[in-house]
Amino acid sequence: MRHYGDRVHNTVLGMIQDREEAGDITQEVFIEVFRSVSAFRGESRLSTWVYRIAIRKSLDHIKSKKRKKRFGMMIRLGFGQDDAHEVSDFHHPGIALENKESAALLFKAIDGLPENQRTAIVLAKIEGLKQDEVAGIMKLSVGAVESLLSRAKQKLKEELKYLNNTDDDGSGKR
Amino acid sequence: MDQEKDKDDVFSPFRGILRAPADPWLEEKVMLRVKRAGETMEISLGTRRVLSWSLALIVVLNISVVSLSLRSNTSGKTENALSQEFDAQQSIYSY
């Protein structure tokens, strides 16, 4: 656990962008690792298997959070309340101070990406894994990961352009 | 040149990013949760056992009560039949 603790936590944190929730999910990942370690057949590396669990748990958490958000929005609309709510910026603790603002914008943009693009970016750019390792974790070919990353990059460029403009306007609304 | 490339790179804010350290008490917390989960499983197993035994007992009791009542009904019917026959005989003798 000492060996994988930081890796799992960093991956989960990159995926869900919330420190407290990331702590809980990291614990859940290791509980599952403990429970199902006997089922690990050694077909892949242990790290690959652990990363897979971390990604799966994070994606499950994101989905359930989205469901709750949708439900909450419906209730607010039902009660005729204003549904405008502030989305707080996420600051990753490992980012250099001079990059904090731009990284927060980038994380906001990553939050809007599809699951697989988001996963590829977190593993390759935040966790710093090689493309073949990312491919192994995501059960894809290296070429597929490359294309995922380039598509994600394209989307992020557009999203960042938009976010920078709205930031200049100070409106913050779409 | 490199700086220009950096500016163009979307991921430049992530350059030199360090891993976010995990909770120093992670191991202890996980072990505690694993232990608690085991205890809960044991408790639920015990509860399930007690429940299944009590259910079996209720079924057995029900069956025995039903069979007893059936038996008493049958014997009651026999008694009724006999008493009618006795009455008939009595009435014949009385003639």
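Length, then width, then depth: along the principal axes, the Cα atoms of the protein assembly as shown run 135, 52, 37 Å. With protein chains left intact and a 1.4 Å probe, residues in region A:5-165 average 55 Å² of accessible area per residue.
Of all trypsin sites (Lys or Arg not before Pro) in region A:1-70, which ones are in loop regions per DSSP and have a Cβ with at most 14 other Cβ atoms within 10 Å? The qualifying sites are A:Arg41, A:Arg45.
For chain A, which whole percent of the accessible surface, found with a 1.4 angstrom probe, sits on carbon and sulfur atoms? If you can, show how the numbers build up before the last one.
Values: 5000 of 10200 Å².
Percent of accessible area from carbon and sulfur atoms in chain A: 49.
Chain A contacts chain B over a buried accessible area of about 2600 Å², both sides summed; the probe is 1.4 Å and only protein chains count.
Burial of accessible area (probe 1.4 Å, heavy atoms of protein chains only) in region A:109-138, relative to its chain alone, reaches at least 40 Å² for A:Lys125.
Based on the Cβ-Cβ distance of A:Gln154 and A:Glu20, what FRET efficiency does E = 1/(1 + (r/R0)^6) give at R0 = 45 Å, to the nearest 0.05? Display every interim value, and only then the final one.
On the way: r = 32 Å, r/R0 = 0.72.
Computed FRET efficiency for A:Gln154 and A:Glu20 comes out at 0.90.
Measuring gaps between exposed loop sites in chain A (chymotrypsin sites (Phe, Trp or Tyr not before Pro); DSSP loop; at most 16 other Cβ atoms within 10 Å), the longest gap, sites not included, is A:80-174.
The values are calculated or read from the model by the stated rules, or taken from the named source; none is laboratory data. Quick caveat: nothing in here was measured; it's all calculated off a predicted structure. Note: ideal-geometry Cβ built from the backbone for every residue, glycine included; neighbour counts use all protein chains shown. The area values use the complete protein model at the heavy-atom level, side chains included, leaving out ligands, DNA and RNA. Shrake-Rupley method; radii C 1.70, N 1.55, O 1.52, S 1.80 Å.
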